[in-house]
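Scroll down for the structure; my scribbles are underneath it.
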Amino acid sequence: MAHRILITGGSGYLGGTLLARWKEANFLSYEKLFALVRTEEQGKAVKQYGAEALHINLEDPESIKKAVLDHKINIVFYLVDPRNWEHQVSFIEALSELKKQTGQEVHFLHTSGAKIFSEHAGAPTDAPLLDTDPKLYDIQKSQKAPFPLLQRAVETNNLVIEDAEAKGVRSYIFAPCIVYGKGEGFGNPISIQTVAIVQAAIKVRQVYKVDVGRPTWPVCHVIDNTTLYIELLRAILSGKEPGYGKNGYYLASPGSVAWDDIYSSMAKALAKGKYIDNDVVKEADDKELQKMGDALKCPKDFVPVQLGGLCTFTAVHGKQIGWRPQFAPEHIIETADAEVELILQHLKE
Ligand SMILES: NC(=O)c1ccc[n+]([C@@H]2O[C@H](COP(=O)([O-])OP(=O)(O)OC[C@H]3O[C@@H](n4cnc5c(N)ncnc54)[C@H](OP(=O)(O)O)[C@@H]3O)[C@@H](O)[C@H]2O)c1
């Protein structure tokens, strides 16, 4: 049966890059691509990728159901919000209804984040945590996150899996990590954590580390993150049945680097441009954390969640379905100048 795919978040960093790489991905076996849009301009922009624009109000389950059933959308890529589950539950319900009507297999991909598999969300960090670990769902179920926001994000992953399984929908939990590099879409070209480092540093005119020791975190170039979305979709389209549900976790990352190395390389770039006083990475005390929190619009206790911490989540699943990242983890360090320049240029605009 023909596949009809909906991409959400197409004006964003990750979703925009996915749309931009769509044509060269050369998917053979799908009938139609749709992109959720919220404005007329976005509607015009997505046409260049061969996508039909759909105005769907994610706050309204009926709007979601109508879009899915009217257009017979059987694959949904959700790239909007990892912390709340209402939209996802509505999509799963609608996909389940479509399956009842047509008998066609239906798929829901939820974009989560590596943070949900890190110390910040109560995940174990004493050994590599593989995205293929058969106990990963049980591990997520037992996590107790120190922040309610992150606990909710963990529960969102679990709920997506449980609800989809109960309703006959194949679910996938896709976890981007520290993603970097220029987004190629028509909307937002910059990421999240690297942007937070720059914003906090400019505020206090210094790069500060927020952890004891040398914690590491998985990293990924935006193109490699995109090719994992593409390979997963290719596997679904070709009927290869990539792991789903409780076996459907996918981390996009070629490996991890130490935050200290990211800080140092970005500090050099920021100091060169005189955005900070010097390129020494210092340890943040309460006063600096407070100011960094002001820059990031969050309480000081949440600053380490934005730009630090330990995450041992390790990517195996993508490679099993044929995903080959182009960029080594150290590439983020080597290209810190370009990342800082991109962020500063975009923030100025
Ligand atoms: N970038 C990373 O490094 C990273 C890492 C881990 C996880 N993630 C997660 O991956 C997802 C995508 O990240 P991103 O970097 O691409 O974020 P982004 O650039 O901020 O894009 C967010 C997208 O979601 C759309 N959106 C937000 N609220 C919406 C709503 N109520 N209805 C419809 N669309 C809505 C935005 O549309 P508008 O343009 O119309 O606002 C935009 O297209 C997010 O959930 C993010 O938390 C990202």
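Data overview
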item	result
Trypsin sites (Lys or Arg not before Pro) lying in DSSP loop within segment 1-104, provided at most 10 other Cβ fall within 10 Å	none
Set of aspartates and glutamates with alpha-carbon distance to residue 274 below 14 Å, sequence-local pairs under 8 removed	337, 341
Charge dipole (debye, nearest 20) of segment 1-150; +1 at Cβ of Lys and Arg, -1 at Cβ of Asp and Glu	260
Peptides 226-235, 49-58 ordered by average Cβ neighbours within 10 Å, highest first	226-235, 49-58
Distance histogram in 10 Å bins (all Cα pairs of segment 1-66, percent per bin)	21, 53, 25, 2
Subset of 65/240; 99/297; 65/141; 99/141; 44/246 violating a 31 Å alpha-carbon distance limit	99/297; 44/246
Bridge type composition, segment 16-166 - antiparallel percent by DSSP, nearest 5	0
Antiparallel DSSP beta bridges within the chain, as percent of all bridges there, nearest 5	10
Net charge contributed by nearby residues that have their C-beta within less than 14 Å of residue 86 (K/R +1, D/E -1)	-4
Carbon and sulfur %, accessible surface of segment 51-145 computed with the full protein complex present, 1.4 Å	50
Probe 1.4 Å, accessible area per residue of segment 126-200, Å²	39
Computed Rg/Rh of segment 291-344, alpha carbon atoms with Kirkwood Rh	1.10
Difference of contour (0.36 nm per residue) and Cα-Cα distance, residue 277 to residue 48	78.1 nm
For segment 88-207, Kirkwood radius (reciprocal of mean inverse C-alpha pair distance, Å)	16.6
Net charge dipole size for segment 239-287 [Lys, Arg +1 and Asp, Glu -1 on Cβ; Debye, nearest 20]	280
Of all accessible heavy-atom area on segment 205-293, the percent that carbon and sulfur account for (1.4 Å)	48
Pair-distance profile P(r), taking every C-alpha pair of segment 52-129, with 10 angstrom steps and integer %	17, 42, 23, 15, 4
Solvent exposure of segment 15-64 as accessible area per residue, Å², 1.4 Å probe	55
Extent along principal axes [Cα atoms of segment 234-297; Å; largest to smallest]	55, 25, 18
Dimensions in Å of the chain - Rg and Dmax from alpha carbons	20.0, 63
Efficiency of FRET between residue 28 and residue 184 - r from beta-carbon atoms, R0 25 angstrom, step 0.05	0.65
P(r), alpha carbons of segment 155-198 - 10 Å bins starting at zero, rounded %	23, 30, 26, 20, 1
Segment 249-337: equivalent-ellipsoid semi-axes (sqrt of 5 x gyration tensor eigenvalues, Cα, Å)	29, 18, 10
Tail weight of P(r) past 15 Å, computed on alpha-carbon pairs of segment 152-225, percent	71
Convex hull volume per residue in cubic angstrom - Cα atoms of segment 133-269	160
Over segment 1-125: Kirkwood hydrodynamic radius from C-alpha pairwise inverse distances, Å	15.3
Net charge contributed by nearby residues that have their C-beta within less than 15 Å of residue 27 (K/R +1, D/E -1)	+3
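The values are calculated or read from the model by the stated rules, or taken from the named source; none is laboratory data. The shown structure was predicted, so the numbers you read here are calculated from the model rather than taken from an experiment. Cβ atoms come from the backbone with ideal geometry, glycine included; neighbour counts cover every protein chain shown. Only protein heavy atoms, including side chains, enter the accessible area calculation; ligands, DNA and RNA are left aside. Shrake-Rupley method; radii C 1.70, N 1.55, O 1.52, S 1.80 Å.
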